Amino acid sequence: GAGVSQTPSNKVTEKGKYVELRCDPISGHTALYWYRQSLGQGPEFLIYFQGTGAADDSGLPNDRFFAVRPEGSVSTLKIQRTERGDSAVYLCASSLGPLSAEAFFGQGTRLTVV
Amino acid sequence: EDQVTQSPEALRLQEGESSSLNCSYTVSGLRGLFWYRQDPGKGPEFLFTLYSAGEEKEKERLKATLTKKESFLHITAPKPEDSATYLCALAIRSGGGADGLTFGKGTHLIIQP
């Protein structure tokens with residue numbers, strides 16, 4: 001597709017369960033970002049990939065959160081032992097290069113932990 | 001601590017009534033300032049990047065300007081389809097800082113016909 005694709009669009013899970021959120025970036029974009037957005041707030045940076053490696057994971061809130069990008073394209077954000085406070089919209093963005101220049105965002109995955 | 005503050009939080013205008021949105025910041029090393037538009041249920045949509053004080057960029061009814069302390073998003077003769085949340089974001093020089101963007105909370109703009 002032409003844009004950043006995120007699946008699923010909505011995910012409801014029970015507290016304590018494990019979830020995976022997928023991001024398919026724009027073809028050829030080497031930089032990939034994950035953000036989290038709570039209601040009424042701006043997106044909050046989680047992690048940045050340049051190619052296959054996590055160049056900056058300083059925004060991950062704790063060790064329950066982990067992300068991979070094994071082939072330098074699709075990325076998966078993994079959350080273990082989910083908590084109600086993890087409920088938010090998780091946004092993925094990609095760009096041609098680093099420094100977040102003209103990053104294109106997906107529509108996000110709305111995660112609800114009940 | 002690096003901060004970005006947007007004002008007002010919400011703004012309601014009549015169609016054709018021009019106004020400005022503000023983004024003020026305190027950072028130690030700005031690599032760029034970004035404006036995004038976000039519609040309900042969608043991801044942010046890129047509008048502009050500004051890199052240095054005095055820079056201006058325009059797109060249709062929108063013009064973004066940058067000084068050393070703040071940026072303005074001017075909207076001229078807005079239409080109802082301009083209704084959205086406008087987000088300001090900073091890219092801060094690395095050296096311990098995150099390589100992602102630091103976003104403000106946004107200004108929720110409503111244009112009434």
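The values are calculated or read from the model by the stated rules, or taken from the named source; none is laboratory data. As the structure is a computational prediction, the values presented were derived from the model and not from experiment. For neighbour counting, all protein chains shown are included, and Cβ atoms are generated from backbone atoms with ideal geometry for every residue, glycine included. Ligands, DNA and RNA are excluded from the accessible area calculation, which covers all protein heavy atoms including side chains. Shrake-Rupley method; radii C 1.70, N 1.55, O 1.52, S 1.80 Å.
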Heads up, the strands (runs of 3 or more DSSP E) in the range A:12-114 (entirely inside) with at least 1 residues that are closer than 18 Å to residue B:89 by Cα are A:31-37, A:44-50, A:53-56, A:88-95
Which of the residues belonging to the range B:76-87 are open to solvent by 40 Å² or more (accessible area, probe 1.4 Å) and without any contact (Cβ under 8 Å) to a residue 60 or more places away in the chain?
-> B:76, B:81
Give the residues of the range B:4-21 that are touching a residue at least 60 places away in the same chain (Cβ under 8 Å) and assigned to a strand (DSSP E or B), sorted by residue number.
-> B:4, B:5, B:6, B:7, B:10, B:11, B:12, B:13, B:14, B:21
How many residues are surrounded by 14 or more Cβ atoms within 10 Å (Cβ to Cβ), without any contact (Cβ under 8 Å) to a residue 12 or more places away in the chain and of a type in the set (Asp, Glu) when one looks only at the range A:41-93?
-> 2
Residue check, residue B:73 within 14 Å of another protein chain (Cβ to nearest Cβ), outside any loop (DSSP other than H, G, I, E, B) and either of a type in the set (A, V, I, L, M) or open to solvent by 10 Å² or more (accessible area, probe 1.4 Å) (or both) | no
